[in-house]
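Everything below concerns the one structure shown next.
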């Protein structure tokens, strides 16, 4: 009994409730006429789409910079990579690799600047990250209007300048990762390539945290004073983690776009950090501790709920309440993590 | 003398920059003085109350109350019921305020207690709490109203039989307060409307804040804002006082939203409250307030400057580059950017103070 209690306390009520909720959704699904095959493959596709974005949370959480609400900054780097690739008419695997090759250095550069801000505001990173993200999105809104892009598929038909709000990746590198070795069996579809890529990214981050730098980074996150005393350059570790997070955000959004089929500009990236933050917290991460397992479990649970609630609840009570449930679940999860009294003071 | 001037310039740098920006943008936009004066008066009447509601939590050291959107939601629920029972005019607004009050007290109580569990990160927590409550609000308004809650007016309910429409016209309530005591004067060939009643209410509120600062409770809050640990050892009930600060702010934000919407005349049931928080906070910061210090004059200067930019920038953007959209994005950028900058400056200052005091302990003089 005590062990059960401990387990519940460790795992947290919200996660248990949400886990049970998701389980109920999967169990009821066949009875209300939702095809389980489609649901599962929808969930999997969305896990692949969002996985890298969620992974982008890990380095910053581990180095003690808190939840990366500044994810839009990384997304912007990714968008610049994607639009440049389309501008040059790059197609297929080459196109997406080109997008990555532009986005990653940009992400690292943005991350470096962003880290200079965050290193000066230790302890208040999250709120500032949110607004740095927001203001960079707004700044880029102006840039999308003014940057000298000229590809006719991207700019507004009239006026002849300024990028469109959504740009189709169709004919360029739509589904290049998803369709690589993908499996199609009836209504079940599995985007093998996208998952291979996700696993590759997970491995890279996992391996990174086993290097000397990675270990030092974790030390900074667990106890900055102790880390400083043992000769670790705290600011440098934090800078590296922010650069890594931002670059992962840039990669993540390109993976997202190739599966989604559209590049969303302007206010599109504004709220994209919140689902990713909610997902990693749902997976068991806290404000200053996150692991690869948290990413995988969290993304699956969160995207599972997003996919299953509309179809199941719709069929059950003939009302679409998915949006409300999504808002309450994701923000409730973040709220829970923020208000949780940390047992070990850092 | 030089030093004092320098000090003045530094401590008021944000408003000065915005005065400069406006001075550049106004001639470009080509608006007449009469039009701009009218716009500023309208917007001061519309927004001041909301922005004033932010002052008390700042006094209590809780930072910018992003949770004021909770109050805004309560205000909107009040308005929905006032419309449903078709009570018009001033009585309608009073009724809406009375209904919203217990809801706001309850939400403020919840918010205060949540924030007590997240000391040191009040702002981000209240911000997320705003999103969370928005989910609950949508559930209540979109599903419970007309189903469980007795809202029947066809003017409000969606055609499917329950849930409130996206845009609700505030028939009979529109401008009820602003037109109650309207004063007109001529400026050039432009007739300017001056809503005296609204300004009286705002004035009363300012007096309330001044009075409140002097009370025992107000003094307690200021002590907590200075140093929470010291206040605690001095016997002040820190957590309780913090909850009260948030409750007052939430209730006032509810009233503020009622005033705001009666001026606009239509309520976007699902969006009106979302921007309230951001615009109010940006306005306060542009007025020269910081996270830990804000005065009544900051509110009025801020609302004027922020909304001057708000009115002028799209037209200025259009005249300059030929795209009004650019001006729109510019003002969005400024609202977000100013909040980001204020937060960064405040946190940076605090970090330096902490480091300085740590150095002091070590006995180093230079470092």
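Since every read-out is calculated from the coordinates, none of them should be taken as a lab result. Predicted model, so just to flag it, every value in this text is computed and none were measured. As a convention, Cβ positions derive from the backbone with ideal geometry for all residues, glycine included, and neighbour counts pool all protein chains shown.
Taking each residue in B:328-335, count the Cβ atoms of any other chain within 10 Å of its Cβ, then average. What number comes out? Numbers along the way, then the final one.
Numbers: counts 3, 11, 4, 1, 9, 9, 2, 4.
Average neighbour count from other chains, rounded to a whole number: 5.
Out of A:112, A:226, A:190, any idea which swings most in a Gaussian network model of chain A, alpha carbons joined below 10 Å?
Judging by the Gaussian network model, the answer is A:226.
Can you give me the Cα centroid spacing of segment B:169-207 and segment B:6-84 in angstrom?
17 Å
Return the whole-Å distance between the Cα centroid of segment A:181-223 and the Cα centroid of segment B:263-312.
For segment A:181-223 versus segment B:263-312, the Cα centre distance is 43 Å.
Translational diffusion coefficient, Stokes-Einstein: compute it for the protein assembly as shown using the Kirkwood radius over C-alpha pairs as Rh, at 25 °C and 0.890 mPa s, and state it as an integer in µm² s⁻¹. Numbers along the way, then the final one.
On the way: Rh = 27.3 Å.
After rounding, the answer is 90 µm²/s.
Within 10 Å of each Cβ in B:344-355, how many Cβ atoms from other chains are there, averaged over the peptide? Could the numbers behind the result be given before it?
Values: counts 9, 2, 3, 10, 7, 2, 4, 6, 1, 0, 2, 1.
The mean count of partner-chain Cβ atoms within 10 Å per residue comes to 4.
Is segment A:29-73 best put as rounded, prolate or oblate by its Cα gyration tensor, with a ≥ b ≥ c the root eigenvalues, rounded for a/c under 1.5, and otherwise prolate when a/b is larger than b/c, oblate when not?
On the way: a/c = 4.02, a/b = 3.40, b/c = 1.18.
The shape class here is prolate.
Take the Cβ-Cβ distance between residue B:24 and residue A:233 as r, set R0 to 35 Å, and report the resulting FRET efficiency rounded to the nearest 0.05. Don't skip to the answer; put the middle values down first.
Values: r = 44 Å, r/R0 = 1.25.
Calculated transfer efficiency: 0.20.
Rounded if a/c is under 1.5, else prolate if a/b is larger than b/c, else oblate: which is segment A:8-339, with a ≥ b ≥ c the root eigenvalues of its Cα gyration tensor? Walk me through the numbers on the way to the answer.
Working: a/c = 1.62, a/b = 1.05, b/c = 1.55.
It is oblate, given that a/c is not under 1.5 and a/b is not larger than b/c.
Applying a 10 Å radius around every beta-carbon, put B:131-142, B:66-77, A:12-23 in order of their mean neighbour count, most first.
Numbers: B:131-142: 20.3, B:66-77: 29.8, A:12-23: 15.1.
Result, highest mean Cβ count within 10 Å first: B:66-77, B:131-142, A:12-23.
Kindly rank B:54-61, B:305-312, B:15-22, A:52-59 from highest to lowest mean number of other beta carbons found within 10 Å of each residue. Intermediate results must be reported in sequence, preceding the final value.
Details: B:54-61: 25.8, B:305-312: 22.6, B:15-22: 16.5, A:52-59: 28.8.
Put in order of decreasing packing, that is A:52-59, B:54-61, B:305-312, B:15-22.
Count the DSSP beta bridges whose two residues both fall in the protein assembly as shown, then state the antiparallel fraction as a percent rounded to the nearest 5.
Working: 18 of 19 bridges.
DSSP beta bridges in the protein assembly as shown are roughly 95 percent antiparallel.
Can you compute the modelled spin-label distance between residue A:271 and residue A:156, with each label point 7 Å from Cα toward Cβ, in nm?
In this crude spin-label approximation the distance works out to 2.5 nm.
Could you tell me the relative contact order of chain A? Use alpha-carbon pairs under 8 Å, at least six residues apart, and round to a whole percent.
On the way: 571 pairs, mean separation 107.9, N = 346.
Dividing the mean separation by the residue count of chain A yields 31 percent.
Please check: in the Gaussian network model of chain A (C-alpha springs, under 10 Å), which one of A:187, A:322, A:135 has the largest mean-square fluctuation.
A:187
Compute the Cα gyration tensor for segment B:2-362, then decide on rounded, prolate or oblate, letting a ≥ b ≥ c be the square roots of its eigenvalues: rounded whenever a/c is under 1.5, prolate when a/b is larger than b/c in the other cases, and oblate in all that remain. Please list the in-between numbers first.
Details: a/c = 1.72, a/b = 1.13, b/c = 1.52.
Oblate, since a/c reaches 1.5 and b/c is not below a/b.
Given the rule -39500 (n - 2.57) for each run of at least 4 DSSP H residues, summed and divided by the residues of chain A, what is its mean residue ellipticity at 222 nm, to the nearest 500 deg cm²/dmol? Write down the numbers at each step before the final one.
Values: 14 runs with 232 residues, N = 346.
That comes out to -22500 deg cm²/dmol.
Considering chain B as a Gaussian network with a 10 Å cut-off on Cα pairs, which listed residue, B:237, B:356, B:245, attains the greatest mean-square fluctuation?
The residue that fluctuates most here is B:356.
Could you grab the relative contact order for chain B? Cα pairs under 8 Å, six or more apart, rounded to a whole percent. The partial results should precede the final answer.
Numbers: 552 pairs, mean separation 108.7, N = 367.
Over chain B, the number comes to 30 percent.
Averaged over A:325-333, how many beta carbons belonging to a partner chain fall within 10 Å of each residue's beta carbon? If you can, show how the numbers build up before the last one.
Working: counts 2, 1, 9, 8, 2, 4, 10, 6, 2.
For peptide A:325-333, the averaged partner shielding equals 5.
Modelling each spin label as a point 7 Å along the Cα-to-Cβ direction, I'd like the residue B:232/residue A:7 distance in nm, to one decimal.
Between residue B:232 and residue A:7, the label points sit 3.5 nm apart.
Would you mind getting me the FRET efficiency between residue B:215 and residue B:98? Use the beta-carbon distance for r and R0 = 30 Å, nearest 0.05.
Values: r = 24 Å, r/R0 = 0.81.
My answer for the efficiency is 0.80.
Roughly what % of Cα-Cα distances in segment A:7-122 sit above 24 Å, to the whole percent? Write down the numbers at each step before the final one.
Numbers: 3442 of 6670 pairs.
So the pairs more than 24 Å apart make up 52 percent of the total in segment A:7-122.
What length, rounded to one decimal in nm, is gained on full extension from residue B:16 through to residue B:196, with 0.36 nm per residue of separation minus their alpha-carbon distance?
On the way: separation 180, 0.36 × 180 = 64.80 nm, distance 2.87 nm.
Net length gain for the segment: 61.9 nm.
May I ask you to order B:23-30, A:289-296, A:256-263 by the average number of other C-beta atoms within 10 Å around their residues, highest value first? Present the calculation step by step, with values, prior to reporting the outcome.
Numbers: B:23-30: 14.9, A:289-296: 19.9, A:256-263: 21.5.
So the order, starting with the most tightly packed, is A:256-263, A:289-296, B:23-30.
Once both labels are modelled 7 Å past Cα along the beta-carbon direction, what's the residue A:207-residue A:97 spacing in nm?
Taking the simple label geometry, residue A:207 and residue A:97 are separated by 1.8 nm.
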